[in-house]
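J.: Sharing a structure, written as structure tokens. Questions coming.
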Amino acid sequence: MKKFITRLKHSFHLVWQKFSGNVLPGKKARVGATIGIFAGFAITTLMVTLSYVSSLGWVVISVMSIGLLAVSFGIAWLSVLLLRLLNRIPFWLMVALLVGWPVLMMYYHTKMPVTLLIFLTISTLSAMVGGSLWLIRKKWGKRNSLNRSLILGNLIIGLAGIIVFLVWMIYPGKIIEMPANASMSEEVILPPHLDLENPATAGPFEVKYITYGNGTDRHREEFGEAAGLITETVDGSGFLDSWKGFSGKMRTKYFGFDQKELPLNARVWYPEGIGPFPLVLVVHGNHLAQDFSDPGYEYMGELLASRGYIVASVDENFLNGSYTNMFGKLENENNVRGWLLLKHLQVWRGWNCEPEHLFFEKADMDNIALIGHSRGGEAVGHAALFNRLPFYPDNALETFDFNFNIRSLIAIAPVDGQYQPAGIRTLLSDINYFTLQGSHDADLTSYQAMRQYNRIEFSDDFDGFKAGLYIFFANHGQFNSVWGNKDMGAPKINYFNLKQLIPEKDQQKIALVYISGFLEATLRQASGYRAMFMDHRTVRNWLPETIYLNQYEQSGTQFVCDFTEDLDLSTASLPGSFIEGYDLSIWLEKRIPLNWGDSDTRGVILGWNFKDNDTLQPCYNILWQPCQIASNSNSLLVFSMAATDDKADPPPNNNENDNNVNEEDEKDESTEVENEKDTETEEEPMDADEEPELVDFTVQLKDASGNVCNFPLSKCSPLQPLLKRKMTKWSFMQTSDETESIQQFLYFPLNELDGNGQEFDFENIAGISFIFDRTPTGVVAVNKIGFIAP
């Protein structure tokens, strides 16, 4: 048998030699082919560049062609050299390296250079330890002392490196000093504190607890056999078409149901009492499906129930990322998350009407609020939209008949636009809205809630408001006790400096103060709490110390300028109004940017710089006809403003407005003096860790008679500089932007302005000016300038 196999191999070898000698190209043919390929691509390059001869000329085209070919040759040569070097690596060593790279890309991936550095570090240290141990195992006694020393030294260095790497990964980071807090600076007179009960104080009601579900849950008995109330499943197949394929089958196998039998599960905290009590549904966002998220809002449910609310934390874990996502995942499922909330409300409406039911007439169905976190924060907006529609926007075969009295929405660090009904982002009207966002959110690194915030419109007869709170040092997960301080899984989260975060109890305290206050203001019409949404300083004694930025808009605000009316920079929103700008370095209108896209609204960008020319008087004026704004001494002047990372150069010279220099020789002399001054006192770049200057300027109101009323921006607060967030332990590992331009709501009670000794007519205001005279240089984004009448 062996002889037969040997002869067979020999015969095959002879046949192959004959075939290859006659058919495959030889050495000379390969040389010719190589030259031919070079020539072919050279001619191709020449053909491409010839089309530019008429505009660039032969010399430039020749240099371009030769340069392009030279660069291509260099890249190709280096690539082949690298491949040959890799070819010299032993087979199994290459396999080990190639096995490690995908693992790093999936679990350790950050910036590519950082990922490559981690790859080389782990590979080198592991190779040092493994190689040393293997050599110790093999013929250790026959090695000389020098050889042994080198092996042991290599082992010690490798082990020490691995230990240092592991310690660094486990190390939580360090506390970072808080930046300057503009709103609490020394020159600012703080507003009076609210003389109301702290809404985060436990109320008088005894809290009861119960769960409901379909009674067949495989993994949690509180929704299975131990469910206090039984609910029917609902068919979500018309809204969810990505529950399919192998991953869909695995998801069905794990949960025990598919999209046609989605359960209505929730855990409920409710007050012991007669009622009716406002109904609040809370829904989590995307998290590992097997690490159930719905228990994470117990702290919220307990407090609100003690204050007389029924709170249901809804289970939608079956829509989350799962171990079953092997070859696919659920996509664009936020529509289902919102729709399911409405199906829960249908259950509550039924229970509320059943005389023998535990919750008969207990739920106040005229006062409903929805709270959502992360994807749940987007979902509550979709629920509010679907609630008022007769059909599903993407398929009229799915009919709606909900029409609940949903009065308030709360979005905690929400995403936006994952699902877009009929291809557009969700538009809402006449509903109260509040959002919270942490600056150090490692999952959602952009204030996406501002998009939905700006897409909410108020009609004239609606009495409500929308608000936002940006919290420095807060993260994404600590609003949910299950998620905690890790906004992503290990090992990626180990790159982050978690030590600097607000403690979880403090972050949840902020949430309780503001969520409970919002519900008091909107479901119980306790209007006194509205002040805390305009200005966090009015509740400063209730809040942990950090930097807060408020956003606020209420119905009935009369806007002088919202920058959405047209593309003419010289017109404002009121008919016949006009805008002037003088000595500005930057003056343009555009969509206000976020780190991810824009905020779905427009504003004006204003920049000034008079550092080296104190004759400049940069200002921005808006003028309108008297009596177009209904105001009086009890009104509020309001606008939103944000610092930006743009730089303002000195404005170009304008000879027509130059009153100081008229003669040519004086211009030359002035230019020489300025050049000498610039040479001597050239501005040095600001250190990266140096605190930026607080922006302040003069705001001026003008009445119909020409009287003016001047006051500084700092009468409310200087503008908060851009907040730098150093998310990772080492700054070069950070993939998100260090800063984001966050709008800050500023307000000025007119009854606190003195009119500068003049008889200023607050009932006939005809203009407003921003006079940039206090801070030498800066760039700001301004949005929605208007007045709130009492």
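The values are calculated or read from the model by the stated rules, or taken from the named source; none is laboratory data. Model, not experiment: these values are computed from the prediction. Here the Cβ is made from the backbone with ideal geometry for all residues, glycine too, and neighbour counts use every protein chain on show. Surface areas here come from the heavy atoms of the whole protein model, side chains and all, with no ligands, DNA or RNA. Shrake-Rupley method; radii C 1.70, N 1.55, O 1.52, S 1.80 Å.
J.: Can you name the residue in segment 693-721 that is within 32 Å of the chain's Cα centre (by Cα) and open to solvent by 40 Å² or more (accessible area, probe 1.4 Å) and, of all such residues, is nearest to Cys627 (Cα to Cα)?
T.: Across segment 693-721, the extreme among qualifying residues is Lys715.
J.: OK, next. Filter segment 738-756 down to the residues that are open to solvent by 80 Å² or more (accessible area, probe 1.4 Å) and out of contact with any Cys (no Cβ under 8 Å at 6 or more places or on another chain) and list them by number. If you could, list the steps in order and put the result at the bottom.
T.: Initially, segment 738-756 is screened for residues open to solvent by 80 Å² or more (accessible area, probe 1.4 Å), giving 751-752, 754.
Those that are open to solvent by 80 Å² or more (accessible area, probe 1.4 Å) and out of contact with any Cys (no Cβ under 8 Å at 6 or more places or on another chain): Asn751, Glu752.
J.: So the check is Cβ under 6 Å with 6+ separation or different chains; which pairs have a first residue in segment 226-248 that's modelled with pLDDT under 95 and a second one that's surrounded by fewer than 13 Cβ atoms within 10 Å (Cβ to Cβ) and part of a loop (DSSP other than H, G, I, E, B)?
T.: Taking only residues 6 or more apart or on different chains, the pairs are Ser242/Glu331; Phe246/Phe327; Ser247/Met326; Ser247/Phe327.
J.: Of all residues in segment 278-302, count the ones that are assigned to a loop (DSSP other than H, G, I, E, B) and of a type in the set (Phe, Trp, Tyr). Walk me through how you get there before you give the answer.
T.: To start, the set of residues in segment 278-302 that are assigned to a loop (DSSP other than H, G, I, E, B) comprises 284-293.
Retained after the next criterion (residues that are of a type in the set (Phe, Trp, Tyr)): 292.
Counting residues in segment 278-302 that are assigned to a loop (DSSP other than H, G, I, E, B) and of a type in the set (Phe, Trp, Tyr) gives 1.
J.: May I pose another question? I need a count of the residues in segment 539-575 that are of a type in the set (Val, Ile, Thr), crowded, with 20+ Cβ neighbours inside 10 Å and more than 21 Å from Ala642 (Cα to Cα).
T.: 1
J.: Working carefully through the options Leu722, Leu701, find the one that is closer than 21 Å to Ala449 by Cα, touching a residue at least 40 places away in the same chain (Cβ under 8 Å) and out of contact with any Phe, Trp or Tyr (no Cβ under 7 Å at 6 or more places or on another chain).
T.: None of the others qualify; the one that does is Leu722.
J.: Anything in segment 209-232 that is under 34 Å from the mean Cα position of the chain (by Cα) and in a loop (DSSP other than H, G, I, E, B)? List them, or say none.
T.: Correct list: His219, Arg220, Phe223.
Yes/no matrix, rows are residues, columns are (1) touching a strand residue (DSSP E or B) at 6+ places or on another chain (Cβ under 9 Å); (2) open to solvent by less than 50 Å² (accessible area, probe 1.4 Å); (3) modelled with pLDDT of 80 or more; (4) within 30 Å of Ser439 (Cα to Cα):
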site: Met105; (1), (2), (3), (4): no, no, no, yes
site: Thr115; (1), (2), (3), (4): no, yes, no, yes
site: Lys139; (1), (2), (3), (4): no, no, no, no
site: Ile151; (1), (2), (3), (4): no, yes, yes, no
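J.: In segment 522-537, how many residues are touching a residue at least 60 places away in the same chain (Cβ under 8 Å) and closer than 19 Å to Pro192 by Cβ?
T.: Counting residues in segment 522-537 that are touching a residue at least 60 places away in the same chain (Cβ under 8 Å) and closer than 19 Å to Pro192 by Cβ gives 11.
J.: For Asp612, indicate whether it is farther than 30 Å from Tyr309 by Cβ, free of Cβ contacts under 8 Å to residues at least 12 places away in the same chain, open to solvent by 20 Å² or more (accessible area, probe 1.4 Å) and assigned to a loop (DSSP other than H, G, I, E, B).
T.: When the stated conditions are applied, Asp612 does not pass them.
J.: So, one more: So which residues in segment 501-547 are in a helix (DSSP H, G or I) and β-branched (Val, Ile, Thr)? Let's see the steps before the verdict.
T.: Going through segment 501-547, the residues in a helix (DSSP H, G or I) turn out to be 504-523, 527-534, 536-542.
Selection gives Ile510, Val513, Ile515, Thr522, Thr538, Val539.
J.: Then there's this: Among the charged types (D, E, K, R) and at pLDDT below 95: does that describe Glu356?
T.: Values: among the charged types (D, E, K, R): yes; at pLDDT below 95: yes.
Answer is yes for this residue.
J.: Determine whether segment 746-753 contains at least one residue that is within 28 Å of the chain's Cα centre (by Cα) and in contact (Cβ under 8 Å) with a residue 60 or more places away in the chain. It would help to see each step written out before you state the result.
T.: The initial filter retains those residues of segment 746-753 that are within 28 Å of the chain's Cα centre (by Cα), namely 746-747.
Pick out the ones that are also in contact (Cβ under 8 Å) with a residue 60 or more places away in the chain and you get 746-747.
Yes, segment 746-753 contains at least one residue that is within 28 Å of the chain's Cα centre (by Cα) and in contact (Cβ under 8 Å) with a residue 60 or more places away in the chain.
J.: Within segment 188-197, which residues are touching a helix residue (DSSP H, G or I) at 6+ places or on another chain (Cβ under 6 Å) and surrounded by fewer than 14 Cβ atoms within 10 Å (Cβ to Cβ)?
T.: The answer is Leu190, and nothing else.
Let's see how each residue does on (1) modelled with pLDDT under 95; (2) open to solvent by 10 Å² or more (accessible area, probe 1.4 Å); (3) of a type outside the set (Gly, Ala, Ser):
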| residue | (1), (2), (3) |
| --- | --- |
| Gly377 | no, no, no |
| Arg388 | no, yes, yes |
| Asn403 | no, yes, yes |
| Ile410 | no, no, yes |
| Val415 | no, yes, yes |
| Ala422 | yes, yes, no |
| Ile431 | no, no, yes |
| Thr445 | yes, yes, yes |
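J.: May I ask you to verify whether Glu272 is among the charged types (D, E, K, R), over 18 Å from Val314 (Cβ atoms), in contact with a strand residue (DSSP E or B) (Cβ under 9 Å, 6 or more places away or on another chain) and modelled with pLDDT of 95 or more?
T.: Spelling it out, Glu272 is indeed among the charged types (D, E, K, R), over 18 Å from Val314 (Cβ atoms), in contact with a strand residue (DSSP E or B) (Cβ under 9 Å, 6 or more places away or on another chain) and modelled with pLDDT of 95 or more.
J.: Examine segment 329-341 for a residue that is within 17 Å of Pro278 (Cβ to Cβ), part of a helix (DSSP H, G or I) and within 28 Å of the chain's Cα centre (by Cα), and state whether such a residue exists.
T.: yes
J.: Here is a further query. I'd like the residue in segment 395-405 that is in contact (Cβ under 8 Å) with a residue 40 or more places away in the chain and not aromatic (Phe, Trp, Tyr) and, out of all such residues, is farthest from Asp443 (Cα to Cα).
T.: This residue is Leu397.
J.: Moving on. Can you tell me which residue among Glu177, Glu206 is without any contact (Cβ under 8 Å) to a residue 40 or more places away in the chain, loosely packed, with under 15 Cβ neighbours inside 10 Å and within 42 Å of the chain's Cα centre (by Cα)? Walk me through how you get there before you give the answer.
T.: Values: Glu206 fails: without any contact (Cβ under 8 Å) to a residue 40 or more places away in the chain.
On inspection, the qualifying residue turns out to be Glu177.
J.: What do you reckon, is Pro276 open to solvent by 10 Å² or more (accessible area, probe 1.4 Å), closer than 18 Å to Arg375 by Cβ and either touching a Gly at 6+ places or on another chain (Cβ under 8 Å) or in contact (Cβ under 8 Å) with a residue 40 or more places away in the chain (or both)?
T.: The answer is no for Pro276.
J.: Output the number of the condition that Asp506 fails; it satisfies all remaining conditions of (1) surrounded by fewer than 22 Cβ atoms within 10 Å (Cβ to Cβ); (2) in contact with a Gly (Cβ under 9 Å, 6 or more places away or on another chain); (3) more than 27 Å from Met641 (Cα to Cα); (4) at pLDDT 95 or above.
T.: Evaluating Asp506 over (1) surrounded by fewer than 22 Cβ atoms within 10 Å (Cβ to Cβ); (2) in contact with a Gly (Cβ under 9 Å, 6 or more places away or on another chain); (3) more than 27 Å from Met641 (Cα to Cα); (4) at pLDDT 95 or above leaves (2) as the failure.
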